[in-house]
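Colleague: Quick one: the structure is below, and I'll ask about it shortly.
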Amino acid sequence: MRVIVLGAGVVGVTSAYYLRQAGHEVVVIDRQPGPALETSFANAGEVSPGYASPWAAPGIPQKAVRWLMMKHAPLILRPKPDAAMLRWLAMMLRNCTEVRYALNKSRMVGLAEFSRDELKVLREKLGIAYDERAQGTLQLFRTEKQLAGAAKDMAVLDDFGVEYELLDRAGCIGAEPGLAATSDKFVGGLRLPGDETGDCQMFTRQLADWLAANGVDFRYNTNIEALERDAGRVSGVRTNAGLVRGDAYLVALASFSPALLKPFGLGLPVYPVKGYSITVPVADPDRAPVSTLLDETYKIAITRLGSRVRVGGMAEISGFDNSLPARRQATLLHSLTDLFPGGAIVDGETNYWSGLRPMTPDGPPVIGATPVDNLFLNTGHGTLGWTMGCGSGHLIASLIGGTKPAVDPAGLAIDRYR
């Protein structure tokens, strides 16, 4: 078939890869001048299947109230007269139960584990390098209460067969030697040795270059205006460069997916949740992180990417605002310098960035067919587009091609919201 992929972020490009591997003719359309220049550009760098969890979890409403009051708040809410925001918040609150959390997490972990394994296969096959490391993730607890709360997380990890280590202070320093100078700041941690790290934008750009050299048609600087419909099927994509026709159409437009689907009556509850990051040079390798550290108090990830350190996190619910307030950068710098003083150069250019994460209210992404015969979705990955990218691309290519998927797609399609 001729498949038109809308979106050239990590999810769109990995989808294009697996579609091309299956023998399809593939066209990728994106408004940006190149791949991975929006949400995929400067994310936290984690490939963390073990942390593939819904934000909608028991106790989150109570925690959210406390977070909103913190100086370095991990959650920022800017209410506005926005029906989509209110609907999304209401749906998220309904999913903050033990039963729904367990169901939603079960739909996420399997896909994330499969995706990490597919990422390994892909990079070995194509020889792609992207400052990758396979040295695990350390979730760092600053308080005894946080450490005690890890028991629930470990029970879930046991259920899914995810390897982990519960570490005391000395164990945390063993995993991340740069913490030795700040051992009084934390009490322990939970380490997932199977997790990986890497530069998502670097990976996506190299994969897109390989695809372009192997028959995939990338059309950058092309605005997607609407989907044309005829007799219950999509008949083409209307762009500023003309109409593009295919046999199947895949929407991988992250937070911008719902607007394109609205004329079809498809109420896709994906809402942008803004995240921030800074990227700074390593100053002293012995004081910098080795892999990824998750600061549980501030919900911030500190990741080593070659000779750089990426610090990313926070969740700001404010619509499609992409501004860069100085106080958000201060929170990122606080977490980094509080735990790894002297590890990175923070008094110069910090490459401060923000991106809009496409969040579903229940957690899992939306992958699969729609009621429109030849229209498919691969969107709504939230903070896990990098973690789930290869697995999601593999899955949607199977569903579009009508072959047996390697991972269970149950509960991922849009019909779960009907």
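Colleague: Yes or no: Gly171 modelled with pLDDT of 95 or more and on the phi > 0 side of the Ramachandran plot? Quick ask: steps written out before the conclusion?
Modeller: On the way: modelled with pLDDT of 95 or more: yes; on the phi > 0 side of the Ramachandran plot: no.
No: the conditions fail for Gly171.
Colleague: Just to verify a result, which residue in the range 180-230, among those that are of a type in the set (Lys, Arg) and under 26 Å from Asp286 (Cα atoms), is least open to solvent (accessible area, probe 1.4 Å)?
Modeller: The first filter runs over the range 180-230 and keeps only residues of a type in the set (Lys, Arg), leaving 185, 191, 205, 219, 229.
Still in the running and under 26 Å from Asp286 (Cα atoms): 185, 191.
Numbers: Lys185: 73, Arg191: 48 Å².
Per the criteria, the residue is Arg191.
Colleague: Next question, about the same structure. Would you be able to tell me the number of residues in the range 361-401 that are assigned to a strand (DSSP E or B) and over 14 Å from the mean Cα position of the chain (by Cα)?
Modeller: Just the residues of the range 361-401 that are assigned to a strand (DSSP E or B), to begin with: 366-369, 375-379.
Imposing the further condition that a residue be over 14 Å from the mean Cα position of the chain (by Cα) reduces the set to 367-369, 375-377.
So the answer is 6.
Colleague: Now for a different question. Any idea how many residues of the range 70-88 are open to solvent by 40 Å² or more (accessible area, probe 1.4 Å) and within 23 Å of Thr297 (Cα to Cα)?
Modeller: 4
Colleague: Checking Arg107 against (1) assigned to a helix (DSSP H, G or I); (2) at pLDDT below 95; (3) surrounded by fewer than 14 Cβ atoms within 10 Å (Cβ to Cβ); (4) not polar (S, T, N, Q): exactly one of these is not met. Which one?
Modeller: (3)
Colleague: Looking at this structure, is Tyr130 modelled with pLDDT under 95, of a type in the set (Ser, Thr, Tyr) and surrounded by 15 or more Cβ atoms within 10 Å (Cβ to Cβ)? Outline the logic, then answer.
Modeller: Details: modelled with pLDDT under 95: no; of a type in the set (Ser, Thr, Tyr): yes; surrounded by 15 or more Cβ atoms within 10 Å (Cβ to Cβ): yes.
Answer is no for this residue.
Condition check ((1) under 30 Å from Asn322 (Cα atoms); (2) at pLDDT 95 or above; (3) part of a loop (DSSP other than H, G, I, E, B)) across all residues:
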site	(1), (2), (3)
Thr222	yes, yes, yes
Glu225	yes, yes, no
Gly236	no, yes, no
Gly246	no, yes, yes
Tyr249	yes, yes, no
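Colleague: Something else now. Only one of Asp284, Asp295 is loosely packed, with under 14 Cβ neighbours inside 10 Å and of a type in the set (D, E, K, R); which? Even if it seems obvious, please write down each step before you answer.
Modeller: Working: Asp295 fails: loosely packed, with under 14 Cβ neighbours inside 10 Å.
Result: Asp284 is the single residue among Asp284, Asp295 that is loosely packed, with under 14 Cβ neighbours inside 10 Å and of a type in the set (D, E, K, R).
Colleague: Being within 16 Å of Leu192 (Cβ to Cβ), over 16 Å from the mean Cα position of the chain (by Cα), surrounded by 14 or more Cβ atoms within 10 Å (Cβ to Cβ) and among the β-branched types (Val, Ile, Thr): is that true of Val156 here? Can you show your working first?
Modeller: Working: within 16 Å of Leu192 (Cβ to Cβ): yes; over 16 Å from the mean Cα position of the chain (by Cα): yes; surrounded by 14 or more Cβ atoms within 10 Å (Cβ to Cβ): yes; among the β-branched types (Val, Ile, Thr): yes.
Here the answer is yes, as Val156 does meet what is asked.
Colleague: Please verify whether the range 351-360 includes one or more residues that are part of a strand (DSSP E or B), open to solvent by less than 50 Å² (accessible area, probe 1.4 Å) and of a type in the set (A, V, I, L, M). First the steps, then the outcome.
Modeller: Filtering the range 351-360 for residues part of a strand (DSSP E or B) gives 353-359.
Pick out the ones that are also open to solvent by less than 50 Å² (accessible area, probe 1.4 Å) and you get 353-359.
Right, trim to of a type in the set (A, V, I, L, M) and you get 356, 359.
Yes: the range 351-360 contains one or more residues that are part of a strand (DSSP E or B), open to solvent by less than 50 Å² (accessible area, probe 1.4 Å) and of a type in the set (A, V, I, L, M).
Colleague: OK, next. Pull out all pairs, ordered by first then second residue, where Cβ-Cβ is under 9 Å, the residues are six or more apart or on different chains, the first lies in the range 15-33 and is in contact (Cβ under 8 Å) with a residue 12 or more places away in the chain, and the second is in a helix (DSSP H, G or I) and of a type in the set (Asp, Glu).
Modeller: From residues that are in contact (Cβ under 8 Å) with a residue 12 or more places away in the chain, the pairs are Tyr18/Glu118.
Colleague: Kindly indicate the residue of the range 316-338 that is of a type in the set (S, T, N, Q) and without any contact (Cβ under 8 Å) to a residue 40 or more places away in the chain and also surrounded by the fewest Cβ atoms within 10 Å (Cβ to Cβ) among those meeting that condition. Lay out the reasoning, then the answer.
Modeller: Of the residues in the range 316-338, the ones of a type in the set (S, T, N, Q) are 318, 322-323, 329, 331, 335, 337.
From the residues that got through so far, the ones that are without any contact (Cβ under 8 Å) to a residue 40 or more places away in the chain too are 323, 337.
Values: Ser323: 9, Thr337: 15.
So the residue we want is Ser323.
Colleague: Now, a different point. In the range 51-66, what count of residues is obtained for those that are in contact (Cβ under 8 Å) with a residue 24 or more places away in the chain and touching a strand residue (DSSP E or B) at 6+ places or on another chain (Cβ under 9 Å)?
Modeller: Initial filter on the range 51-66 (in contact (Cβ under 8 Å) with a residue 24 or more places away in the chain): 51-61.
Filter once more, keeping what is touching a strand residue (DSSP E or B) at 6+ places or on another chain (Cβ under 9 Å): 51, 55.
Number satisfying all stated conditions: 2.
Colleague: Can you find a residue that is acidic (Asp, Glu) and crowded, with 21+ Cβ neighbours inside 10 Å anywhere in the range 18-27? Working first, answer last.
Modeller: Let us first name the residues in the range 18-27 that are acidic (Asp, Glu), namely 25.
Imposing the further condition that a residue be crowded, with 21+ Cβ neighbours inside 10 Å reduces the set to none.
Checked the range 18-27: no residue is acidic (Asp, Glu) and crowded, with 21+ Cβ neighbours inside 10 Å.
Colleague: Is it true that some residue in the range 262-272 is without any contact (Cβ under 8 Å) to a residue 40 or more places away in the chain and within 25 Å of Ala56 (Cα to Cα)? Let's see the steps before the verdict.
Modeller: First, the residues of the range 262-272 that are without any contact (Cβ under 8 Å) to a residue 40 or more places away in the chain: 262-263, 265.
Next, only the ones that are within 25 Å of Ala56 (Cα to Cα) stay: 262.
For the range 262-272, residues without any contact (Cβ under 8 Å) to a residue 40 or more places away in the chain and within 25 Å of Ala56 (Cα to Cα): present.
The values are calculated or read from the model by the stated rules, or taken from the named source; none is laboratory data. Note that the structure is predicted; figures quoted are calculated from it, not measured. FYI the Cβ positions are ideal-geometry reconstructions off the backbone, even for glycines, and counts take in every protein chain you see. Heavy atoms of the whole protein, side chains included, go into the accessibility calculation; ligands, DNA and RNA do not. Shrake-Rupley method; radii C 1.70, N 1.55, O 1.52, S 1.80 Å.
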